[in-house]
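Before any comments, here is the structure.
The values are calculated or read from the model by the stated rules, or taken from the named source; none is laboratory data. Not measured: the values here are computed from a predicted model. When we count neighbours, we look across all protein chains shown, and the Cβ atoms used for this are built from the backbone with ideal geometry, even at glycine.
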Amino acid sequence: MLYFQPKSVTDDRGRRMKILLTAINAKFIHSNLAVYSLRSFAKECRQWIEVAEYTINQQSGAVLREIYRKMPDVLCFSCYIWNYEMVREIAADFHKLRPDVPIWVGGPEVSFEAEGTLAQNPAFFGVMMGEGEASFAKLARHYCLGEGSLSEISGISYRGSDGEGGFFGTDEGMRRICRTAAGEPLPMDSIPFCYEDMADYKHRIVYYESSRGCPFSCSYCLSSIDKRLRFRSLGLVRKELSFFIEKEVAQVKFVDRTFNCDRRRALAIWQFIQEQDRGKTNFHFEIAADLLGEEELLLLSTLRPGLVQLEIGVQSTNPETLAEIRRTMDMPKVASAVRRIQAAHNIHVHLDLIAGLPFEGYGRFAESFRDIYALQPNQLQLGFLKVLKGSYLYKRHKEYGILFQEKPPYEVLRTDWLSFEEMDAIKLVEEMLEVYYNSGQFEVTMKLLGAVYPDAFSFFLALGRHYENGGYFGRSHSRMRRCEILLEFLTEDGAAPRDLMEEALLYDLYYRENMKSRPSWARDLAAFANVAKAFCVSKSQMHMEPFSYHFPKTGERALMRLPEKQSELAYVLFDYRERDALTHQAKVTEFTEREVRVRCENVQKKF
């Protein structure tokens, strides 16, 4: 194999040098902070550095063609568990076409086993390990300006020339591999702000970093490896957040691992975005809820609805599991803080749970699920343990009897406490949770079913079995079809009155959108056409529907019993011109039969 290392700004045809920083994101809405940060830090060579972003949903062949057309002289990839296999495939094919172009990789997926990465991927020339800005800046100077040798650049592993480096692996054809000393952590203020023209970020999430490192030691997490907690100065943070607010960026997601580990600093930033708020930008923070004090909770309760959303990683409520994974958490304080935040109905709360952790079997995991579900977060993310290279848990996985996938995302298959069959059952729960709870499309129905099925884990599992038996998995279903399948399940089970559930699902359908097609169980629209005419001043943006039951509003998080059927109909006006800032549901106004009758009579008199 041939690795040519260019050392001049132009080639013999006068073409400019080009280093291509390539990101392959999980979705189009995502952006890659890493590649932009690398380019910004290498400011002396920035004119020769180009960024290209793609997604894993694109065909690898199409991405290969685009990269090839850009004619890079050095090709770099940012590697994560979600894109690594695609990166390997594209890099291997590109190397066949352009063996003279060195391919560098970096990111958490390759940083912790750099030599193994090079041994398994002949197309890769080198690995940038860990924090990459300083290493990449020196690499750029090496390639673009011909400065220094690779051996002088810290934090990299690469294929050395003859007589250079140590031999790795059994393949005699392998180049010798060199590993330089680890780089020193950068002061956060030395990293330039990498956002300028926000036109490329329209309808996309913007990621922002105000700190690095984590004070905690969770054994499954790579962030716990770096104990060198560093903060960007508040002055810079305020200036940069002002930029996002002025540009009316839709969402800024802080990537700080535990944003509120410094309580005073977190409070200062929340106060600042409240003062500067223009009603357009949402800020996402990952926090430890049990670290919230009274001052922070009071401030959070006063924020504009939708200004902030909070992600809280609970992971498990089993004390034995939490101790084993070296996670410090006070669950009663977490629950209390979550309820305080929810009471103001102004902040989207996202709670995380992980299946497959040590010392948590099937029954105990179901208990953790019920504990977290009882808090009724806006979203409950049920994830499965990923055994990440470099993590403390990765080093001890054999002690726990953990088997995990051979390829990324290295998801757990079984443990000493959970069989593969039990893991499969939890997958059914996760699937139904996503469809019927996390989607937010069945808000009222889920609240009612909470009163019918107090054991949420068993309910979602039984519903998942119904999907499985009906052959419904692996298909694309409309919202209407999801309603019909749920009604099938409820009818067979017989625990909830069918007419109540039909009305609840009808309510949910119109709560979200002005339906173009109408479910088979709904009343004939012609029966109350005069009511719709009297109330819906905007036919496309409003809908009127009669119901026999009074349903819970957005602020009501849980029900102890089902509503009773009313002797008179209640008419609900759904106004899509005004939506809830957190749930995006239509504004609803309820009218009695008498109010409807009076309005209709007055309208008739006018004509």
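Computed values, structure above
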{"read-out": "When residues of the range 503-533 are limited to those that are without any contact (Cβ under 8 Å) to a residue 12 or more places away in the chain and assigned to a helix (DSSP H, G or I), the one surrounded by the fewest Cβ atoms within 10 Å (Cβ to Cβ)", "value": "ALA526"}
{"read-out": "Residues satisfying the stated conditions in the range 230-246, i.e. buried (at least 17 other Cβ atoms within 10 Å of the Cβ) and either β-branched (Val, Ile, Thr) or in a loop (DSSP other than H, G, I, E, B) (or both)", "value": "ARG232, VAL237, ILE245"}
{"read-out": "Selection from the range 65-80 of residues that are surrounded by 19 or more Cβ atoms within 10 Å (Cβ to Cβ) and assigned to a helix (DSSP H, G or I)", "value": "ILE67"}
{"read-out": "Residues within the range 560-590 that are assigned to a loop (DSSP other than H, G, I, E, B) and either in contact with a Pro (Cβ under 6 Å, 6 or more places away or on another chain) or modelled with pLDDT of 90 or more (or both), tallied", "value": "14"}
{"read-out": "Residue match in the range 374-387 (condition: closer than 30 Å to VAL87 by Cα, of a type in the set (Val, Ile, Thr) and not in a strand (DSSP E or B))", "value": "yes"}
{"read-out": "Any hit, the range 392-402, residues being at pLDDT below 95, part of a loop (DSSP other than H, G, I, E, B), over 29 Å from ASP290 (Cβ atoms) and more than 18 Å from the chain's Cα centre (by Cα)", "value": "no"}
{"read-out": "Residue match in the range 438-458 (condition: touching a residue at least 40 places away in the same chain (Cβ under 8 Å), more than 28 Å from the chain's Cα centre (by Cα) and part of a loop (DSSP other than H, G, I, E, B))", "value": "yes"}
{"read-out": "Subset of the range 541-573 that is of a type in the set (Gly, Ala, Ser) and closer than 19 Å to TYR373 by Cα - its residue that is surrounded by the most Cβ atoms within 10 Å (Cβ to Cβ)", "value": "ALA558"}
{"read-out": "When residues of the range 300-332 are limited to those that are acidic (Asp, Glu) and within 22 Å of ASP256 (Cα to Cα), the one modelled with the highest pLDDT", "value": "GLU311"}
{"read-out": "Elements of type strands (runs of 3 or more DSSP E) contained in the range 262-367, each with 1 or more residues being within 20 Å of the chain's Cα centre (by Cα), at positive phi and touching a residue at least 12 places away in the same chain (Cβ under 8 Å)", "value": "308-315"}
{"read-out": "Residue check, ARG39 closer than 17 Å to LYS18 by Cα and surrounded by fewer than 22 Cβ atoms within 10 Å (Cβ to Cβ)", "value": "no"}
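To keep it simple, each residue is scored yes or no on (1) surrounded by fewer than 15 Cβ atoms within 10 Å (Cβ to Cβ); (2) out of contact with any strand residue (DSSP E or B) (no Cβ under 6 Å at 6 or more places or on another chain); (3) modelled with pLDDT of 95 or more; (4) farther than 24 Å from ILE372 by Cα.
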site: ARG414; (1), (2), (3), (4): no, no, yes, no
site: VAL435; (1), (2), (3), (4): no, yes, yes, no
site: TYR453; (1), (2), (3), (4): no, yes, yes, no
site: PHE460; (1), (2), (3), (4): no, yes, yes, no
site: PHE473; (1), (2), (3), (4): yes, yes, yes, yes
site: LEU487; (1), (2), (3), (4): no, yes, yes, yes
site: MET501; (1), (2), (3), (4): no, yes, yes, yes
